1. Going through the stretch 26-69 one residue at a time, which ones are charged (D, E, K, R) and surrounded by 10 or more Cβ atoms within 10 Å (Cβ to Cβ)?
2. Considering only the stretch 58-107, state which residues are of a type in the set (Lys, Arg) and over 18 Å from VAL154 (Cβ atoms).
3. In this structure, does ALA28 turn out to be more than 30 Å from ALA170 (Cβ to Cβ) and in a helix (DSSP H, G or I)?
4. Of everything in the stretch 35-74 that's more than 23 Å from the chain's Cα centre (by Cα) and among the hydrophobic types (A, V, I, L, M, F, W, C), which residue is nearest to ALA167 (Cα to Cα)?
5. Identify, by number, the condition in (1) touching a residue at least 60 places away in the same chain (Cβ under 8 Å); (2) in contact with a Ser or Thr (Cβ under 8 Å, 6 or more places away or on another chain); (3) aliphatic (A, V, I, L, M) that LEU176 doesn't meet.
6. Is there a residue in the stretch 89-102 that is among the hydroxyl-bearing types (Ser, Thr, Tyr) and part of a loop (DSSP other than H, G, I, E, B)?
7. Mind listing whichever residues of the stretch 117-141 are in a helix (DSSP H, G or I), exposed (fewer than 13 other Cβ atoms within 10 Å of the Cβ) and either of a type in the set (Lys, Arg) or in contact (Cβ under 8 Å) with a residue 12 or more places away in the chain (or both)?
8. Quick one: is VAL160 surrounded by 12 or more Cβ atoms within 10 Å (Cβ to Cβ), more than 19 Å from VAL49 (Cα to Cα) and within 21 Å of the chain's Cα centre (by Cα)?
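No value in this document is a laboratory result; all are computed from the given coordinates. In this text, all values refer to a predicted model and were calculated from it rather than measured experimentally. As a convention, Cβ positions derive from the backbone with ideal geometry for all residues, glycine included, and neighbour counts pool all protein chains shown.
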Amino acid sequence: DQDSAVYATLKDGANPVTVKADIDKALADLPTVVVKDQSEYKASVVGQVNQILAIIYALLGLAIIISILGIVNTLALSVVERTREIGLLRAVGMSRKQMKSSIRWESMVIAVFGALLGLGLGVIFGVSLQRVLRNEGIQLLAIPWGQLIAFLVVSALVGVLAALWPARRASRLNVLDAISSE
């Protein structure tokens, strides 16, 4: 059983630079041992955390792409299944613009509800993980509310963008053909 880290506390009046140099000199024959002061250690941990966050953001990007495809697919199927209903709405006076708007709103609602569910579960899991790891040194919980709100706004915009093709398709349906379809 070997120690993976050893921490040292300096006596009052000790020069940190001199102490670090003395420790480096004493451990010169151990090439795998790295001596770091508090700021160097903090920088290395911050680097590791930033690397993990970059991976998480990449996975988030993939999830967004998949959700866009899911919304487009759902709306496209919805338009196909509701062809007759869309035709009837158009026949009684709904304009193409109103039809596009309706599909866009539907898409945005789907995206925002999905984002709210994901953000809520993410916060719950984050709080739970922090509480479990409290004894491991993760004492502070910081929830980035600004980023969460930004993600919610982005999800609404993504919902609108995902609806462009299905909304266009729905608005271009021929009214008579749509009514006569089954």
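1. LYS36, ASP37, GLU40, LYS42
2. Passing the criteria: ARG82, ARG84, ARG90, ARG96, LYS97, LYS100.
3. No; evaluated as a whole, the condition is false for this residue.
4. Here is the first cut: in the stretch 35-74, the residues more than 23 Å from the chain's Cα centre (by Cα) are 35-44.
Among the residues that remain, those that are also among the hydrophobic types (A, V, I, L, M, F, W, C) are: 35, 43.
Working: VAL35: 61, ALA43: 49 Å.
For the stretch 35-74, the residue satisfying everything is ALA43.
5. (2)
6. Taking every residue of the stretch 89-102 in turn, at least one turns out to be among the hydroxyl-bearing types (Ser, Thr, Tyr) and part of a loop (DSSP other than H, G, I, E, B).
7. Correct list: VAL127, ARG131, ARG134.
8. Working: surrounded by 12 or more Cβ atoms within 10 Å (Cβ to Cβ): yes; more than 19 Å from VAL49 (Cα to Cα): yes; within 21 Å of the chain's Cα centre (by Cα): yes.
Considered against the rule, which asks whether it is surrounded by 12 or more Cβ atoms within 10 Å (Cβ to Cβ), more than 19 Å from VAL49 (Cα to Cα) and within 21 Å of the chain's Cα centre (by Cα), VAL160 comes out as yes.
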